Structure formats: structure tokens, C-alpha cells
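Below is one structure; the comments refer to it alone.
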Amino acid sequence: MELQSLLERFAAAASAHDSSAFAALFTPDGSYDDYFFGRHQGRDEIAAMLDRFHVGGEDFLWEFRNPVCDGTTGYAGYLFSYRSKEPESAGRTIVFEGIARFTLRDGLIAHYAEAFDRGVAFSQLGYATERIGKLLGRHARELGQREEVAAHLARRPSRAG
């Protein structure tokens, strides 16, 4: 399956709240790293995560742009929007821009990860500044605990003074 077709099916299933179709785009052991909901492993967890999307929001639109793929790894920019059902922002349209990374295996998604500005999303959701600070602080700590970050920092040259 070419990446463009996969992205169209991915976005359509997410928007339609078709958790089964969404999860079927992943390998049985596939994983989805979501900036709001964390890591989910396997089709059942991925389907449950999409269900959580629709608890806090409705009227989703996910548009991928400029996809590139080498057959195993794909990237695409995206715009993502929805109408919030959260107490602080009920009825408000939330929109953010991000980049998605896909690791593919046998035409399915083995791993999905994304990057977007959480602070922009939290602000649109109407979260208090203190709450945003706590959430971003937690994400910063989680970043610092990742193995690849520790390995990266170990490769930094020492600098005196």
C-alpha cells in the first residue's frame, strides 16, 4: 500500500470514529505514540485510544500534506482539527500542525509517532497557565528519560567552563 493511500484511510477512519478500520491499518504488534494519550501497543490498544479521541472531541479533520516514503519509513506534515468537548473549551475548534512518522511493514503501520507543539494545543483547549506548565514539565521529564536521549547526551563533547 502506498503511503498516500494509507494516509487517506488513516485520516478517514480517525475522523469517522471507525476504531476497527483504524486499528487494522497497523500490524498486530504495531504501536502508536500519541502526544496527548501516550504509547499504545497492539490493535486493541490502538482502537481504544481512538475511542478516547472521540470522548474529548468531535468533528475531526486530519489532512496530511507532502508525504514522502522510502518504502519502510514515511513522513508527512499534517493539519488536525476537531471541536472540543472538554469542559474548558466545549464547542471550540482546536487546530494544530504537526509531522507524522510512520514505520511500515508489509504494507501496514508498524509504528506511528508524531511531533506537534503541545503548548499551542493546550492553550487552545483553555488550560490554565499553571496546568500547561505542569503538563509540559511532565513531557520534558519523559523526554529526558528516553534511552535515545541518554545516548545522544553521552555523545556530546565535554566543554570546560
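Summary of values
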{"quantity": "Count of residues meeting criterion [touching a Phe, Trp or Tyr at 6+ places or on another chain (Cβ under 6 Å) and under 19 Å from His54 (Cα atoms)] in the range 119-141", "calculated": "1"}
{"quantity": "Residue match in the range 112-131 (condition: basic (Lys, Arg), modelled with pLDDT under 95 and either loosely packed, with under 13 Cβ neighbours inside 10 Å or over 14 Å from the mean Cα position of the chain (by Cα) (or both))", "calculated": "yes"}
{"quantity": "Residue satisfying condition, being touching a helix residue (DSSP H, G or I) at 6+ places or on another chain (Cβ under 7 Å) and either under 20 Å from Gly38 (Cα atoms) or free of Cβ contacts under 8 Å to residues at least 12 places away in the same chain (or both), within set Ile99, Ile132", "calculated": "Ile132"}
{"quantity": "Exclusive hit being at pLDDT 95 or above, within 15 Å of the chain's Cα centre (by Cα) and not aliphatic (A, V, I, L, M), set Gly42, Gly30, Gly38, Gly91", "calculated": "Gly30"}
{"quantity": "The range 71-85 - residue that is buried (at least 18 other Cβ atoms within 10 Å of the Cβ) and either more than 15 Å from Ser15 (Cα to Cα) or at pLDDT below 95 (or both) and, of those, farthest from the chain's Cα centre (by Cα)", "calculated": "Gly74"}
{"quantity": "Verdict on Arg105 being modelled with pLDDT of 95 or more, surrounded by 11 or more Cβ atoms within 10 Å (Cβ to Cβ) and over 17 Å from the mean Cα position of the chain (by Cα)", "calculated": "yes"}
{"quantity": "Any hit, the range 55-70, residues being modelled with pLDDT of 95 or more, loosely packed, with under 14 Cβ neighbours inside 10 Å, over 25 Å from Phe122 (Cα atoms) and of a type in the set (S, T, N, Q)", "calculated": "yes"}
{"quantity": "In the range 86-96, residue farthest from Phe37 (Cα to Cα) [restricted to those that are of a type in the set (Val, Ile, Thr) and surrounded by fewer than 16 Cβ atoms within 10 Å (Cβ to Cβ)]", "calculated": "Thr93"}
{"quantity": "Criterion: loosely packed, with under 13 Cβ neighbours inside 10 Å, modelled with pLDDT of 90 or more, charged (D, E, K, R) and within 27 Å of Phe22 (Cβ to Cβ) - qualifying residue of Arg156, Arg138", "calculated": "Arg138"}
{"quantity": "Filter result (closer than 12 Å to Ala48 by Cα, surrounded by fewer than 20 Cβ atoms within 10 Å (Cβ to Cβ) and touching a His at 6+ places or on another chain (Cβ under 7 Å)) within the range 1-32", "calculated": "His17"}
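The values are calculated or read from the model by the stated rules, or taken from the named source; none is laboratory data. Treat the numbers as computed from the prediction; the structure is a model and nothing was measured. Ideal geometry is used to build each Cβ from the backbone, glycine not excepted, and the neighbour counts take in all protein chains shown.
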